Amino acid sequence: MKRIVILISGRGSNMEAIVEACAAQAWPARVAAVISNRADAAGLDYAAARGIATAVVEHRAYADREGFDAALAQAIDAQAPDVVVLAGFMRILTPGFVQRYAGRLLNIHPSLLPAFTGLHTHRRAIEAGCKLAGATVHYVTAELDHGPIVAQAAVPVLPGDTEQTLAARVLASEHRLYPMAVRWAIEDALQVDANGVVRQRDGAAQLML
């Protein structure tokens, strides 16, 4: 059975969606641990209540990113994960850390990458006059928000949308998209080549509308 480690910094709503989908759909995997860089992350209580191991690696306890990433890697490796999932994990990771988990490290970003990397994605989409926004699951590389795209979900930008209303619509799509993509990863159904990430086997769509 495959092992999944999820990294969070706060409530972890995407973590919850993955935990629930893993159980409901009887994946050939289990969430082995949830790790946070913040001791007050609410998602830790959710995980512990469901019998999932939890750990805290407090980033403020380390003088630099390299020291924190080394400690975080030690906590992750103790769980021998097949897939490592960033679910609202609000830390920029060093290239060495990313390389350590190359091909096993997934993230979700609240935009249709490569558009609107970084922060304030919903505000920027509205200001740009976009008619569509959405979310992207991608493999993590050293370049922020630029890894190979696994899957995307598109939602409309409606007249009168604010950052908050658009964010809520995108988040709901994330809760469907991310579990699907993580399941593909643990089923070894993804192939990365020069043209990007290809869904193997049944050829399921990699875009949700």
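Length available on full extension from residue 171 to residue 49: 0.36 nm per residue minus the Cα-Cα distance, which gives 41.6 nm. Debye-formula intensities of the chain, expressed as log10 I(q)/I(0) at q = 0.10, 0.16 Å⁻¹, are -0.41, -1.09 (one equal scatterer per alpha-carbon, no solvent). For segment 100-125 and segment 129-165, what is the separation of their Cα centres, given in Å? Centre-to-centre (Cα) distance: 7 Å. When the alpha-carbon atoms of segment 41-91 are used, the pair Rg, Dmax equals 11.8, 33 angstrom. With contacts taken as Cα pairs under 8 Å and at least 6 residues apart, the chain reaches a relative contact order of 19 percent.
Antiparallel beta bridges, as assigned by DSSP with both residues in the chain, represent about 45 percent of the total such bridges. Near the amide H of residue 189, within less than 5 Å, lie no amide hydrogens of residues on another chain or at least 5 residues away, with H placed in the peptide plane. Scanning the chain for DSSP H helices at least 15 Å long along the axis (C-alpha atoms) with a Kyte-Doolittle mean no lower than -0.5 picks out 13-24, 65-77, 163-186.
Principal axis extents of the Cα atoms in segment 1-101, from largest to smallest and rounded to whole angstrom, are 41, 27, 18. Based on every Cα atom in segment 108-209, Rg and the maximum pairwise Cα distance Dmax equal 13.8, 42 Å.
Every read-out reported here was derived from the displayed coordinates using simple, explicitly stated rules and does not represent laboratory data. Note that the structure is a prediction, hence the values are computed from the model and not measured.
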